[in-house]
Amino acid sequence: MNEPRRASIVGTGLIGASVALALRGQGWIVSGTDTDESRADEALAAGVIDAIGLDADADLVVVAVPVSSVSVAASEALRVCPRATVTDVGSVKAPIVAAVGDARFVGGHPMAGSEQDGLKGADANLFNGATWVLTPTDETDTSRYAALRAAISSIGADVVELAPARHDALVALVSHVPHLTAATLMGIAASQAEEHSALLRLAAGGFRDMTRIAAGHPAIWPDICAENRDAILEGLDALTDALAAVRVAVADGDRGGLLERLEIARTARIGLPTGVAAVEALVDVRVPVLDRPGVLAEVTTLAADLDVNIFNLDMAHSVEGDRGVLIVTIDALASERVCEALTARGYKPSASPVGR
């Protein structure tokens, strides 16, 4: 009988505690630490973790602390836990990945959260159907990465691979700028509510939906804005330029221009991806490779560049030692262009239905 897998969580707030609960639900033995000792005690008493402390025998360490503290905490975990693959949950990746610079570290970012803070909001199902970004690099250990990806998939998340810098640029647009926008709009409404007492009572579904994320914990945002400043500024500039153009259309009574913008937005919103493809709609693309770290980052980020989701990833090692087959499960409709792109880079891929 196999021994239970072991994990340590650094930071027992909302995300860290939710990861702990989700892993425990999959049979892992989970320990945890926190700079606030009382919070770690609380997590133990609540059954979120099995023990307090970093487990030297851990297979996995998840660092769930503010982004300004991740690199130090991850480096400490790598030192204390020599067997472990270490990942984090911060929403900024490039500076962290560069600062840690270890083959056992993989930057991560679950795109999930709650308006509730800390342990009271912890939920083992928080990651079901959520996108969880991983950012492998040329230095990433392939086997460790595959095991990490499998662990994250096992708790319900949909894993997407991105290069660290690309992650930061995209997340600035889809997460950081929207949060700042929601907070700003909420601030305007709150300031006007002082003069117009009925204003916030009139806030209907659209306003509530758009500003929901403004209820998130504010303390994490100064760090995020400092670490991802350039990408956030670029996103804010694009937003203010677009709003300025909308203002002109409204001022000029440009009904056609407004309608065109709204139709484009509606079509894009309806087209946002949802759900997981059925097994019969998937194929395994097998890529013979040298068993070296750079291959993993090249293949996974190529798929991301082609806007192709990877549903599963595995590495079959060869008895020759330095060779293997990277098995990438993707949508069947995308297999031809992925194989063509891989072939153009010197690989010899083949595609077949899943499991064959």
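Can we say Ala147 is in contact (Cβ under 8 Å) with a residue 60 or more places away in the chain, surrounded by fewer than 19 Cβ atoms within 10 Å (Cβ to Cβ), closer than 24 Å to Asp230 by Cα and not aromatic (Phe, Trp, Tyr)? Show your work before the answer.
Values: in contact (Cβ under 8 Å) with a residue 60 or more places away in the chain: yes; surrounded by fewer than 19 Cβ atoms within 10 Å (Cβ to Cβ): yes; closer than 24 Å to Asp230 by Cα: no; not aromatic (Phe, Trp, Tyr): yes.
No: the conditions fail for Ala147.
Only a single item in (1) in a helix (DSSP H, G or I); (2) modelled with pLDDT of 85 or more; (3) surrounded by 10 or more Cβ atoms within 10 Å (Cβ to Cβ) is not met by Pro288, and it is number (1). Gly156 satisfies every condition listed in (1) within 28 Å of Ala316 (Cα to Cα); (2) outside any loop (DSSP other than H, G, I, E, B) except (2).
Residue-wise test of (1) over 12 Å from Phe105 (Cα atoms); (2) modelled with pLDDT of 95 or more; (3) surrounded by fewer than 24 Cβ atoms within 10 Å (Cβ to Cβ).
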position	(1), (2), (3)
Ala51	yes, yes, yes
Asp57	yes, yes, yes
Val62	no, yes, no
Pro66	yes, no, yes
Val70	no, yes, no
Thr85	no, yes, no
Asp88	no, yes, no
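Counted as qualifying within segment 199-273 are the helices (runs of 4 or more DSSP H) with 1 or more residues that are at pLDDT 90 or above and small (Gly, Ala, Ser), namely 221-227, 229-252, 255-270.
The values are calculated or read from the model by the stated rules, or taken from the named source; none is laboratory data. These figures come from a predicted structure and were not determined experimentally. Using ideal geometry, Cβ is built from the backbone for each residue, glycine included, and neighbour counts are taken over all protein chains shown.
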